[in-house]
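**Student:** Have a look at this one.
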Amino acid sequence: MTKITSKHLEVTPLIRERIQARLEKLSRHDIQLINPHVIIIQEKQRFKIEANIGIPGHKLFAQAKHEDLYSAINAMGQKLEKQLNRQSHKPEAQRYTSLKRAKTVLDDGLEGEFEEEYAA
């Protein structure tokens with residue numbers, strides 16, 4: 001259940017439906033969304049939309065501003081998708097696996113040296 005809050009604006013069923021549809025696109029990553037909260041603020045001639053979404057082990061936050069509310073919703077959704085993609089593919093990243101591999105090589109190679117050095 002998505003919580004939608006607005007300041008200086010009435011949330012119509014069409015706006016609510018558009019936000020729900022945008023957040024449903026995030027479900028393609030097979031990660032559970034925990035307490036999604038969207039805040040819509042109408043400033044002078046612009047709309048500002050913020051989203052806080054918890055996922056297991058991390059929190060996503062995105063903010064977008066635009067003159068058109070639906071464009072702001074799309075921009076916010078794209079930012080959330082990018083963050084979620086980065087989080088879900090982090091274990092597959094080359095730097096992640098190479099750092100993990102380098103650490104095990106260093107740990108294995110140093111054990112024998114310290115034992116010989118401090119044995120006497």
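**Student:** Over all directions, how big on average is the projection of the convex hull of the alpha-carbon atoms in region 1-47, in square nanometres?
**Tutor:** On the way: hull surface 14.7 nm².
One quarter of the hull surface, i.e. the mean projection, equals 3.7 nm².
**Student:** State the number of lysine pairs found in region 14-99 whose Cα atoms come within less than 27 Å, restricting to pairs 8 or more positions apart or on distinct chains.
**Tutor:** The number of close lysine pairs in region 14-99 is 19.
**Student:** For region 1-99, state the average projected area of the convex hull of the C-alpha atoms over all orientations, rounded to one decimal in nm².
**Tutor:** Mean orientational projected area (region 1-99, Cα hull): 6.8 nm².
**Student:** Could you work out how much longer the chain between I34 and I4 gets when fully extended? Use 0.36 nm per residue separation minus the Cα distance between them, nm to one decimal.
**Tutor:** Gain in length upon complete extension: 9.4 nm.
**Student:** Say R0 is 25 Å: what FRET efficiency, to the nearest 0.05, do D68 and S88 get from their beta-carbon distance?
**Tutor:** 0.25
**Student:** Moving on to the next point. Quick check: pseudo-label points 7 Å beyond the Cα along Cα→Cβ at N52 and K79, how many nm apart are they?
**Tutor:** With each label point 7 Å from Cα toward Cβ, the separation is 1.5 nm.
**Student:** State, as an integer percentage, the relative contact order of region 11-93 based on alpha-carbon contacts under 8 Å between residues 6 or more apart.
**Tutor:** Relative contact order for region 11-93 comes out at 24 percent.
Throughout, read-outs are computed from the coordinates displayed, never taken from laboratory work. Note that the structure is a prediction, hence the values are computed from the model and not measured. Don't worry about glycine lacking a Cβ; one is built from the backbone with ideal geometry, like all the others, and counts go over all protein chains shown.
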